[in-house]
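Comments concern the structure below.
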Amino acid sequence: MGGKCPHRSVRKRRYSHKTHRRSKFEVKGDDIVYNDLLKPDANRKPLPLDEDLPGMGQYYCLHCDRYFSNVAVRDEHFKSKRHKKRLKIMLGPAPHTQLDAELAAGMGMPDNGPKLMSM
Ligand SMILES: [Zn+2]
C-alpha cells in the first residue's frame, strides 16, 4: 500500500488532485468578484481595519479576494501568474452566474437568444 496522499482516497474523480486542492483557496465565486469589479469606485468602501486579517486587511487584491500582510507582498502578487490569469478572466466575458445556473435548471427567464452584456 502506497498511500502517498490522504486526499486521494475519494472515489469521485471529477477533478485532478491539484485542481481540487486549488479550488479550496478560491473563496468567492467568479461572478461575485466580477460584480464587485463592475461597481464604480465611489461605491467601494475603504478597507476596514481587521486584526484577524494579514496586514490589518489593508492590502487586498479585489480580483483574487485575498489579503496580504504588506504592500511588497501584494505587489509581488500583482505580478504573479495566478493573479494575471484571474485578471484576464475578469476582463473577459461575464463568468458563469447564478442566472445561468437557473436557466440550465429550466427556471428563470426564457431563452431569448444570445445574452447582452447589460444585466
Ligand atoms: Zn490578485
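The values are calculated or read from the model by the stated rules, or taken from the named source; none is laboratory data. Note that the coordinates shown come from a computational prediction; the quantities given were computed from them, not determined experimentally. A quick note on method: Cβ atoms are made from the backbone with ideal geometry, for glycine too, and the neighbour counts reach across all protein chains shown.
Quick notes
- Glu102 away from the ligand (no atom under 16 Å from the Cβ) and at pLDDT below 80: yes
- Residue match in the range 68-82 (condition: modelled with pLDDT under 85 and either more than 8 Å from the ligand (Cβ to nearest atom) or out of contact with any Cys (no Cβ under 9 Å at 6 or more places or on another chain) (or both)): no
- Applying a threshold of 6 Å to beta carbon distances and a minimum spacing of six or more residues, or different chains, the list of pairs starting in the range 57-68 at a residue that is without any contact (Cβ under 8 Å) to a residue 12 or more places away in the chain and ending at one that is more than 8 Å from the ligand (Cβ to nearest atom) reads Gly57/Leu47; Gly57/Asp50; Gly57/Tyr67; Gln58/Leu47.
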